[in-house]
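Let me begin by presenting the structure, written as structure tokens, before commenting on it.
Bear in mind these aren't lab numbers, they're just calculated from the coordinates by the rules spelled out. Nothing here was measured: the structure is a model prediction, and the numbers come from that model. Neighbour counts run over all protein chains shown; Cβ positions are idealised from the backbone, glycine included.
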Amino acid sequence: MNDNLQQLDSKMKGVIEGLDREFTTVRAGRANPHILDRITIDYYGTPTLLNQVANISVPEAKLIEIKPWESSLLKEIEKAIIVSPDVDLNPTNDGKVIRLRFPDLTEARRKDLVKDVKKRAENSKIAIRNIRRDELEMFKKQQKDNKITEDELKVIEKEVQDLTDKYNRKIEEMTDIKEKEIMTV
């Protein structure tokens, strides 16, 4: 029983870690190199992550510099950034370095980003609830097969609900923090 609860805890923790990774890709007005984490380029016929073919740095609060290890990759990197739905910035290329300048976010854009963050958080809550449902179904089946008693099932249901509540609170805390970060001018 405890192994199942530990697995449940581990699955829910995975949802939280996934949400945290998603939140790092949301642009909050400051230069954040993690917005480039999902960008891949064609590197000699192989899709390769951008951070594996270039140095990415943040020399100023509103600027990211991308210096490819091979200058022949400049156009490919620039094209990948332009078509990426996550970045939404226009790169400038001086022949050696690509620069991404972050403009100040408008109030409307900030509100759109907050909506996106809340949508991602809600999807994570749904994932947590689905995990809870699957686990409870498994425990109910065990009770039906007389592997656990009805009293044990009640205790397990309470523990599963407590874990669900704990991770839902964590999602709400993360969402509030990200919302404040986005809305701070």
Practice task
Per residue of the stretch 35-47, in order, report the coupling 6.51 cos²θ - 1.76 cosθ + 1.60 (Karplus, θ = phi - 60°) as ³J(HN,Hα) in whole Hz, putting x for Gly and Pro.
Solution key: 5, 9, 4, 8, 7, 10, 10, 7, 10, 6, x, 10, x
Practice task
Report the local net charge at Gln143: Lys and Arg +1, Asp and Glu -1, summed over other residues whose C-beta lies under 9 Å from its C-beta.
Solution key: +1
Completion exercise
Sparse-neighbourhood loop hits (trypsin sites (Lys or Arg not before Pro), the stretch 84-185; DSSP loop; Cβ within 10 Å at most 16 others) -> Lys96, Lys147
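Run through the stretch 25-109 and list the chymotrypsin sites (Phe, Trp or Tyr not before Pro) located in a DSSP loop whose Cβ has at most 15 other Cβ atoms within 10 Å. Can you show the working numbers first?
On the way: sites: Tyr43, Tyr44, Trp69; in loops: Tyr44, Trp69.
Hits after loop and neighbour filter: Tyr44, Trp69.
How big is the charge dipole of the chain about its Cα centre, in debye rounded to the nearest 20, if each Lys and Arg gets +1 on its Cβ and each Asp and Glu gets -1 on its Cβ?
Details: 35 positive and 36 negative charges, 83 e Å.
Roughly 400 debye, rounded to the nearest 20.
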Problem - Entries in Lys115/Lys178; Lys11/Lys158; Lys67/Lys118; Lys96/Lys178; Lys118/Lys158 that, when Cα-Cα distance is taken, lie over 23 Å - result: Lys67/Lys118; Lys96/Lys178; Lys118/Lys158
Practice task
Pull up all non-local amide H partners of Tyr43: gap of 5 or more, or a different chain, and H-to-H distance under 5 Å with H placed in the peptide plane.
Solution key: Thr48
